[in-house]
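What follows is a short report on a single structure.
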Protein chains: 2
Amino acid sequence: MTTLAQQHCEACTPGTPPLQPSAVEELRGELSAEWDVDGTSSLHRRMRYKDFAGAFAAATHVALIAEAEAHHPDLTVGWGRLHIKLTTHAAGGLTRNDFIMAARIDAALG
Amino acid sequence: MTTLAQQHCEACTPGTPPLQPSAVEELRGELSAEWDVDGTSSLHRRMRYKDFAGAFAAATHVALIAEAEAHHPDLTVGWGRLHIKLTTHAAGGLTRNDFIMAARIDAALG
């Protein structure tokens, strides 16, 4: 079985449906406990760092993964903190791509 | 006269008072028209870019200025957009440091 973190995001087109709650629940089980799920709408992970540079370094790591996968989260960096929000705008909610990104972020940031 | 963008942020301690509205108004005049002022609380600039990499590159430029000045904004990057929020937590509102940062960001990003 290929884990989510080994999979790649696939191009999605406007009209792609968001995942059903049951699929969200199943994929959620493959992520770290650090992720909060907002219904079938978005995934959130909030991380703490010892300073601004630590938080921005982590954001940069996520940005590089996002470019490689062509699937881009919203990243908010403040002093000692990083907030990652994942959703698929073309679907108006969560798709498998968001969970692949989340799993890749878990693998990268721990 | 030394412009704001040539000045450096000064260390501020808890209890530093935020600026009065008249001072905010005066310093506002030295910034580009791109900044929105939320009372005496915070400064906001929202910028558009052609893609995620462009927005993240601009955020990185701001992050480097923030480290040099030891005064750190909140930065939110999404696909094609960057939101910069400046405030001084130790003062519970805007200080001269926020305007110095804003002027330096104007000088860097245009």
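The values are calculated or read from the model by the stated rules, or taken from the named source; none is laboratory data. Owing to the predicted nature of the structure, the values given are computational and were not obtained by experimental measurement. All Cβ positions, glycine included, derive from the backbone under ideal geometry; neighbour counts span all protein chains shown. Note: areas computed on protein heavy atoms with side chains; ligands, DNA, RNA excluded. Shrake-Rupley method; radii C 1.70, N 1.55, O 1.52, S 1.80 Å.
Structural remarks
- Taken across both chains, chains B and A shield about 1300 Å² of accessible surface from a 1.4 Å probe.
- Distance to the B-onto-A rotation axis is smallest for one chain B Cβ; residue and value in angstrom are B:76, 2.
- Taking a ≥ b ≥ c as the square roots of the eigenvalues of the Cα gyration tensor, region A:56-98 is oblate, since a/c reaches 1.5 or more and a/b is not larger than b/c.
- Label-point distances for residue A:8 to the equivalent site in the other copies, using a point 7 angstrom along Cα→C-beta, read 4.8 nm when ranked shortest first.
- When only Cα pairs below 8 angstrom with a gap of at least 6 residues are kept, chain A shows a relative contact order of 39 percent.
- Computed over chain A, the quotient of the alpha carbon radius of gyration and 2.2 N^0.38 Å is 1.02.
- Residues of region A:32-55 buried by at least 20 Å² on assembly (accessible area, 1.4 Å probe, chain alone as reference): A:52, A:53
- For residue A:6 and residue A:51, the FRET efficiency from 1/(1 + (r/R0)^6), where r spans their Cβ atoms and R0 equals 45 Å, is about 0.90.
- Percent carbon-and-sulfur accessible area, the protein assembly as shown, ignoring ligands, DNA and RNA, probe 1.4 Å: 54
- Largest first, the extents of the alpha carbon coordinates of the protein assembly as shown on the three principal axes equal 66, 33, 26 Å.
- A point 7 Å from Cα along Cα→Cβ stands in for residue A:89, and the other copies hold the same point at 2.9 nm, listed in rising order.
- Cα→Cβ-extended label distance, 7 Å offset, between residue B:28 and residue A:67, nm: 3.7
- Value at 222 nm in deg cm²/dmol, rounded to 500, when DSSP H runs of n ≥ 4 in chain A each add -39,500 (n - 2.57): -11500 deg cm²/dmol
- Separation of alpha-carbon centers, region A:88-110 and region B:1-61, rounded to whole Å: 33
- Residue-normalised accessible area of region A:19-109, given per residue in Å² at a 1.4 Å probe: 44
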